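Here is the structure we will look at.
The values are calculated or read from the model by the stated rules, or taken from the named source; none is laboratory data. All figures in this text were calculated on a predicted structure; none of them were measured in a lab. Cβ placement follows ideal geometry from the backbone for every residue including glycine, while neighbour counts extend to all protein chains displayed.
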């Protein structure tokens, strides 16, 4: 494996840890709302992959469509990576 790819992967991991830590430390802008108002505004969507079978869930149709588009892009990327790894040079 190329050392530059290892280095870039480690940098991405550290950036991810930094962003998550920063998100926990900095206060949110919606502090003034009550707890009941926060429950009404929350929209979520997610994907669970069980083998090759995707399960999409959520409460917002727009976010679910976005999740499906991201899922298709991920599956295409995995397929292209797999096909690229199998072609002998």
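For the stretch 24-52, the candidate set comprises residues that are surrounded by fewer than 10 Cβ atoms within 10 Å (Cβ to Cβ) and at pLDDT 85 or above; within that set, the residue that is farthest from the chain's Cα centre (by Cα) is 25. Checked against (1) at pLDDT below 90; (2) part of a helix (DSSP H, G or I), residue 73 passes all but condition (1). Return yes when residue 89 is assigned to a loop (DSSP other than H, G, I, E, B) and either modelled with pLDDT of 85 or more or surrounded by 10 or more Cβ atoms within 10 Å (Cβ to Cβ) (or both) and no when it is not. Considered against the rule, which asks whether it is assigned to a loop (DSSP other than H, G, I, E, B) and either modelled with pLDDT of 85 or more or surrounded by 10 or more Cβ atoms within 10 Å (Cβ to Cβ) (or both), residue 89 comes out as no.
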